[in-house]
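Q: Here it is: the structure, laid out below.
The values are calculated or read from the model by the stated rules, or taken from the named source; none is laboratory data. Every value quoted in this text rests on a predicted model; they were computed, and no experiment measured them. Quick reminder, even Gly has a Cβ in these numbers, built from the backbone with ideal geometry, and neighbours come from all protein chains shown.
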Amino acid sequence: MSEICSAVAHLHSLNIAHRDIKPENLLYSCDGPSGILKLTDFGFAKHLDSADTRPLETPCYTPYYVAPEVLGPEKYDKSCDMWSIGVIMYILLCGFPPFFSANGLPMSPGMKNRIRTGKYAFPSPEWDRVSEAAKDLIRKLLRTDPSERFTIEQTMSHKWIIHYQKVPETPLFTASVLEEEKSQWMEMQDEMEMTLATMRVGNEDIHIKSLKDSNNRLLNKRRNKINKR
């Protein structure tokens with residue numbers, strides 16, 4: 001998590017919002033302990049105008065990791081990345097996301113409502129061995145109000161990040177989840193690739209009305225001028 005935060009801190013220091021932070025976009029430079037974690041895929045990244053407090057409005061996201069404000073209709077800023085970090089941290093500690101669709105859809109109305117209201121839990125037994133400090137950081141990252149959500153600076157100063165530079169030996173439930181599903185890994189990987197290919201929402205998914213079908217007052221005025229010539 002410290003390495004993920006370091007990458008995001010660099011972007012945010014340049015006033016850039018990544019807008020699609022997820023495990024699939026976190027890659028190691030090489031195998032082994034010397035590998036450096038790299039944040040990739042800047043297709044949704046946007047340099048922000050420092051004069052505008054909420055400069056973004058296009059709904060670019062992957063459902064599991066999307067912040068509530070990105071779902072609309074309000075504008076948003078780079079704090080949407082912090083929500084995504086909170087979701088990734090949650091997944092790493094228990095093996096499943098805090099928000100998901102029970103019916104297999106990339107995004108269901110119920111899932112959207114839970115994201116908007118910040119309704120999630122730390123269920124047993126998956127969270128029994130996770131420290132209160134970790135849960136505290138997740139709560140502060142998954143705040144639905146962007147102005148109350150932790151910034152990248154606050155996150156990197158949190159005691160869970162600072163005090164645990166070395167991974168504790170406390171066993172997590174995540175390993176058990178991975179071991180139980182080992183026989184289905186290939187099937188799960190194929191399914192995940194197919195799902196991710198269809199669930200990323202970006203500019204290309206936004207319908208733009210044809211000019212011929214538009215009833216805009218200014219366009220109609222211009223059409224009338226052209227027709228009179």
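Q: So which of Lys38, Lys78 is closer than 25 Å to Glu3 by Cα, surrounded by 12 or more Cβ atoms within 10 Å (Cβ to Cβ) and touching a residue at least 60 places away in the same chain (Cβ under 8 Å)?
A: On the way: Lys38 fails: touching a residue at least 60 places away in the same chain (Cβ under 8 Å).
Answer to the selection: Lys78.
Q: Further, regarding this structure: Name the residue that is farthest from Cys5 (Cα to Cα), counting only residues in the stretch 124-167 that are within 18 Å of the chain's Cα centre (by Cα) and among the β-branched types (Val, Ile, Thr).
A: Per the stated criteria, the residue is Thr144.
Q: Suppose the filter is surrounded by 19 or more Cβ atoms within 10 Å (Cβ to Cβ), at pLDDT below 90 and not polar (S, T, N, Q); does Tyr61 pass it? Can you show your working first?
A: Details: surrounded by 19 or more Cβ atoms within 10 Å (Cβ to Cβ): yes; at pLDDT below 90: yes; not polar (S, T, N, Q): yes.
Yes; evaluated as a whole, the condition is true for this residue.
Q: Something else now. Name the pairs whose Cβ atoms lie under 6 Å apart, with the first residue in the stretch 2-19 and surrounded by 15 or more Cβ atoms within 10 Å (Cβ to Cβ), the second among the small types (Gly, Ala, Ser), and 6 or more positions between them or separate chains?
A: Filtered contacts from the stretch 2-19: Ile16/Ala45; His18/Ala45.
Q: To continue, here is another question. Filter the stretch 65-107 down to the residues that are within 22 Å of Ile16 (Cβ to Cβ) and either touching an Asp or Glu at 6+ places or on another chain (Cβ under 6 Å) or hydroxyl-bearing (Ser, Thr, Tyr) (or both) and list them by number.
A: Tyr65, Lys75, Tyr76, Ser79, Ser84 - these are the residues of the stretch 65-107 that are within 22 Å of Ile16 (Cβ to Cβ) and either touching an Asp or Glu at 6+ places or on another chain (Cβ under 6 Å) or hydroxyl-bearing (Ser, Thr, Tyr) (or both).
Q: If you check Lys159, Lys140, Lys112, which single one turns out to be more than 29 Å from Leu14 (Cβ to Cβ) and surrounded by fewer than 18 Cβ atoms within 10 Å (Cβ to Cβ)?
A: Testing whether each residue is more than 29 Å from Leu14 (Cβ to Cβ) and surrounded by fewer than 18 Cβ atoms within 10 Å (Cβ to Cβ) leaves just Lys112.
Q: Let me ask you something else. What number of residues in the stretch 95-138 are of a type in the set (Asp, Glu) and assigned to a loop (DSSP other than H, G, I, E, B)?
A: Matching residues across the stretch 95-138 total 2.
Q: Out of curiosity, is Ala102 among the aliphatic types (A, V, I, L, M), more than 20 Å from Lys46 (Cβ to Cβ), at pLDDT below 95 and surrounded by fewer than 15 Cβ atoms within 10 Å (Cβ to Cβ)?
A: Answer is yes for this residue.
Q: Can you tell me which residue within the stretch 16-34, out of those that are in contact with a Leu (Cβ under 9 Å, 6 or more places away or on another chain) and in a loop (DSSP other than H, G, I, E, B), is nearest to Pro68 (Cα to Cα)? Walk me through how you get there before you give the answer.
A: We begin by selecting, within the stretch 16-34, every residue in contact with a Leu (Cβ under 9 Å, 6 or more places away or on another chain); these are 16-19, 21-29.
Checking the rest, the ones that are also in a loop (DSSP other than H, G, I, E, B) come to 18-19, 21-22, 29.
Numbers: His18: 16, Arg19: 12, Ile21: 15, Lys22: 16, Ser29: 32 Å.
Restricting to residues being in contact with a Leu (Cβ under 9 Å, 6 or more places away or on another chain) and in a loop (DSSP other than H, G, I, E, B), the top hit is Arg19.
Q: Name the pairs: first residue in the stretch 48-63 and over 12 Å from Lys75 (Cβ atoms), second residue exposed (fewer than 12 other Cβ atoms within 10 Å of the Cβ) and at pLDDT below 75, Cβ to Cβ under 8 Å, at least 6 apart or on different chains?
A: These pairs meet every condition: Cys60/Asn203.
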